[in-house]
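The values are calculated or read from the model by the stated rules, or taken from the named source; none is laboratory data. Everything numeric here is computed off the predicted structure, so don't read it as measured data. Heads up, the Cβs are rebuilt from the backbone with ideal geometry, glycines too, and the neighbour counts pull from every protein chain shown.
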Ligand code: NAP
């Protein structure tokens, strides 16, 4: 891949890139099927991604007609990288086996190793014979909605498709590698004012937050809505805060440290709750929730913004769901996409039905939503929330940081890019948006 990287860095045109031979193998971060039982008996917290994630060479797979090879310049850690690396709640090899049974192209994915990663920025190297809108040399970012568009169920919101998958989590050949195989309908134009690593960190979390807050498929926020955001400086929350502010809503951000609270204020979120300082005990023991703690939390929200949230942006799951349903306004919406602290959630149904609240499920984003969310990044209306960058060899360490909640925003990973700050092709656009806004999460790190 060295010759390919050098050509990209030298600004070689698409025809030149297309003429360069592809190697037989490439460098990738993966977990092995034979290691799936390695953490047996350990608690979730004790399972260490540094032990399971390997970085080594794997063979280049064949290309289907509707796919592209992408030279990956940078990628990012997502929480699904953590799930894959600790084999929870299930080893992801089951997903690959199922995909392997679908058709001849699916069979490529069923391997004894799983190349992870659901975000990438890079350059198209080859386009399959059925690809119309992309060609070698195009600078792209990759979104992770992996859908076979020949299935009718994929055509009225592709997230409802019977065969919908998350690339790099439920498929092989993900983005934490020097090369990736993606469907053409996963590609988006790279925001030209961003570096490779700034561009790579957005698609998964930004699109998910867009659907949850802005889209009619999510909470469909209107001006003036109060939106409670758990993990407001985390991967999803850092974009959610921006969408609420952009759309004229009133964010109430929950975080777990004074430094994160400061960052939130710098982003323009005036109502901030430090859950560590408040020491909420929503669960008095493993089986019992304490309504008086939900009430205390609700009072704290009212003290800040004078009313209950119209929308609760929910993803921690078991630890917070009871409180989320309780504090939502009469008629309000809890929009949920995850359950980091446990998926068997419990809430008091009386508070839901008597006050006509609703829980809305959301999962990633369809191509249109991912496109719209990427457009807002390209326009400089939404900023990347990259805080720190690791080399591909240290993917395990980067995933461990996210697993232990030691990070802010997004952690980037350099793949083919030899250093940070490369790949900006619109420096004037960058200046227009402003270095301070683009690097807000990085400066916190410094
Ligand atoms: P992240 O970067 O780790 O951020 C999550 C934030 O949630 C943390 O920074 C933490 O913030 C807060 N948090 C964690 N545990 C908590 C708890 N027990 N109670 C309250 N707050 C807690 O992760 P992310 O990328 O935002 O992803 C969050 C979850 O969503 C993950 O489970 C991920 O798999 C899932 N996800 C789902 C989709 C989808 O499409 N369905 C897409 C993206 C992510 P503080 O400590 O500062 O409060």
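Among the residues of region 144-158, is any part of a strand (DSSP E or B), touching a strand residue (DSSP E or B) at 6+ places or on another chain (Cβ under 9 Å) and assigned by TED's automatic domain parsing to the domain that holds residue 49? Steps first, answer last, please.
First, pick out the residues of region 144-158 that are part of a strand (DSSP E or B): 145-146.
Retained after the next criterion (residues that are touching a strand residue (DSSP E or B) at 6+ places or on another chain (Cβ under 9 Å)): 145-146.
In the following step, the residues that additionally are assigned by TED's automatic domain parsing to the domain that holds residue 49 were identified as 145-146.
Within region 144-158 (the criterion being part of a strand (DSSP E or B), touching a strand residue (DSSP E or B) at 6+ places or on another chain (Cβ under 9 Å) and assigned by TED's automatic domain parsing to the domain that holds residue 49), the answer is yes, since at least one residue qualifies.
Restrict the check to region 385-408 and report whether at least one residue is part of a loop (DSSP other than H, G, I, E, B), more than 16 Å from the ligand (Cβ to nearest atom) and either surrounded by 15 or more Cβ atoms within 10 Å (Cβ to Cβ) or not assigned by TED's automatic domain parsing to the domain that holds residue 8 (or both).
No, the conditions are met nowhere in region 385-408.
Checking residue 231 against (1) assigned to a loop (DSSP other than H, G, I, E, B); (2) away from the ligand (no atom under 16 Å from the Cβ), which single condition isn't satisfied?
Every listed condition holds for residue 231 apart from (2).
Within region 170-185, which residues are buried (at least 24 other Cβ atoms within 10 Å of the Cβ) and within 16 Å of the ligand (Cβ to nearest atom)?
171, 174, 175, 176
Could you list all residues from region 186-225 that are touching a strand residue (DSSP E or B) at 6+ places or on another chain (Cβ under 6 Å), within 16 Å of the ligand (Cβ to nearest atom) and in a loop (DSSP other than H, G, I, E, B)?
Residues satisfying the conditions are 201, 218, 219.
Residue by residue through region 232-248, note down the ones that are in contact (Cβ under 8 Å) with a residue 40 or more places away in the chain and surrounded by 21 or more Cβ atoms within 10 Å (Cβ to Cβ).
Result: 232, 233, 234, 235, 236, 237, 238, 239, 240, 242, 243.
Out of region 249-274, which residues are in a loop (DSSP other than H, G, I, E, B), in contact (Cβ under 8 Å) with a residue 40 or more places away in the chain and near the ligand (Cβ under 10 Å from one of its atoms)?
256, the sole residue that qualifies.
Residues checked against (1) in contact with a strand residue (DSSP E or B) (Cβ under 8 Å, 6 or more places away or on another chain); (2) under 30 Å from residue 400 (Cα atoms); (3) surrounded by 13 or more Cβ atoms within 10 Å (Cβ to Cβ):
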| position | (1), (2), (3) |
| --- | --- |
| 4 | yes, no, yes |
| 12 | no, no, yes |
| 29 | yes, yes, yes |
| 32 | yes, yes, yes |
| 52 | yes, yes, yes |
| 55 | yes, yes, yes |
| 61 | yes, yes, yes |
| 74 | yes, yes, yes |
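Return the pairs, sorted by first residue and then second, in which the second residue is more than 12 Å from the ligand (Cβ to nearest atom) and part of a loop (DSSP other than H, G, I, E, B), the first residue lies in region 347-370 and is without any contact (Cβ under 8 Å) to a residue 12 or more places away in the chain and not assigned by TED's automatic domain parsing to the domain that holds residue 333, the beta carbons are less than 6 Å apart, and the residues are 6+ apart or on different chains.
none
With the condition kept exactly as written, say whether any residue in region 304-313 is farther than 23 Å from residue 222 by Cβ and either at pLDDT 95 or above or surrounded by 21 or more Cβ atoms within 10 Å (Cβ to Cβ) (or both).
No, there is no match, as no residue in region 304-313 is farther than 23 Å from residue 222 by Cβ and either at pLDDT 95 or above or surrounded by 21 or more Cβ atoms within 10 Å (Cβ to Cβ) (or both).
Can you find even one residue in region 415-428 that is assigned to a strand (DSSP E or B), at pLDDT 95 or above, closer than 27 Å to residue 51 by Cβ and touching a strand residue (DSSP E or B) at 6+ places or on another chain (Cβ under 9 Å)? Steps first, please.
Initial filter on region 415-428 (assigned to a strand (DSSP E or B)): none.
No.
Looking at region 346-372, which of its residues are closer than 30 Å to residue 44 by Cβ, surrounded by 16 or more Cβ atoms within 10 Å (Cβ to Cβ) and away from the ligand (no atom under 12 Å from the Cβ)?
Answer for region 346-372, where residues must be closer than 30 Å to residue 44 by Cβ, surrounded by 16 or more Cβ atoms within 10 Å (Cβ to Cβ) and away from the ligand (no atom under 12 Å from the Cβ): 347, 351, 352, 357, 359, 360.
Being in a loop (DSSP other than H, G, I, E, B) and within 9 Å of the ligand (Cβ to nearest atom) is the filter here, so list the residues in region 303-343 that pass it.
315, 316, 317, 318, 319, 320, 337, 338, 339, 340, 341, 342
Taking region 275-295 as the region of interest, how many residues are more than 17 Å from residue 327 (Cβ to Cβ) and more than 13 Å from the ligand (Cβ to nearest atom)?
5
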